[in-house]
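Derivation of every value follows stated rules applied to the coordinates shown; laboratory data play no part. Given the structure is predicted, the values throughout are model-derived calculations rather than measurements. A quick note on method: Cβ atoms are made from the backbone with ideal geometry, for glycine too, and the neighbour counts reach across all protein chains shown.
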Amino acid sequence: MIGLYIVLGIVGIVLLWGIGLYNTLVRTRQHVRESWSGIDTELKRRYDLIPNLVETVKGYASHEKETLDAVIQARNTAVASSGSVAQQAQDENALIGTLRQLFALSEAYPDLKANQNFVELQRELTVTEDRIQAARRFYNANVRDLNTKVEVFPSNILASMFNIGPEDFFEVEDAAVREAPSVSFS
């Protein structure tokens, strides 16, 4: 009879441990999803700023149509991106590259650089880029925690049983893209 109690006690402890581990995995996965929503919010804020910025530039540099069209196309692609985190990151990299071209235009147009609306939009975009960076760091930290729990023993067994897999990091590929767009108020 004592042997049965010992076996039931061990089974109970293992069951409670498994439930606790499963709840930890689910909680960590929810943190990843929540932190992605922070990135998504900031990306939408950036997407809303870009058309205003392009319209401001159009008034001063209307013959730079190719660059302006590239920015709008990259923005539309990034807005429509609904694939994996890696696909979203790739679309964001393209958008950041075209924004750099747009800001480079301001160097050739002193009147544009002096335009208060343009300066304010640049400032807002820079603030948004900083917020995206912070949200991305938070997201990647949560992804790191989840991926560690999914890959280490013994939680990897439980994770595979319940189809909880690793998530992708939200990374920029090019070192030049890692910098926020340059803003000059001079």
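General observations
- Taking each residue as 0.36 nm, the span from residue 65 to residue 101 lengthens on full extension beyond its C-alpha to C-alpha distance by 11.8 nm.
- Max mean-square fluctuation residue, GNM over the chain, Cα-Cα springs under 10 Å, options 147, 76, 93: 76
- Short-range pairs are left out: with C-alpha atoms under 8 Å and at least six residues apart, the relative contact order of the chain is 32 percent.
- Of the residues 51, 110, 166, the one that moves most in a GNM of the chain with alpha-carbon contacts below 10 Å is 110.
- When +1 charges are put on Lys and Arg Cβ atoms and -1 charges on Asp and Glu Cβ atoms, the dipole computed for the range 1-107 relative to its Cα centre reaches about 420 debye.
- Least to most buried among 162, 153, 169 (fewest other Cβ within 10 Å first): 153, 162, 169
- For 164, 50, 13, order by how many other beta-carbon atoms lie within 10 Å, fewest first: 13, 164, 50
- Rough spin-label spacing in nm, given labels placed 7 Å along Cα→Cβ, for residue 55 and residue 86: 3.8 nm
- Label separation (residue 123 vs residue 14): 6.4 nm, computed from points 7 Å beyond Cα along the C-beta direction.
- Tilt relative to the chain, helix 116-151 - C-alpha long axis, 0 to 90 degrees, to 10: 20 degrees
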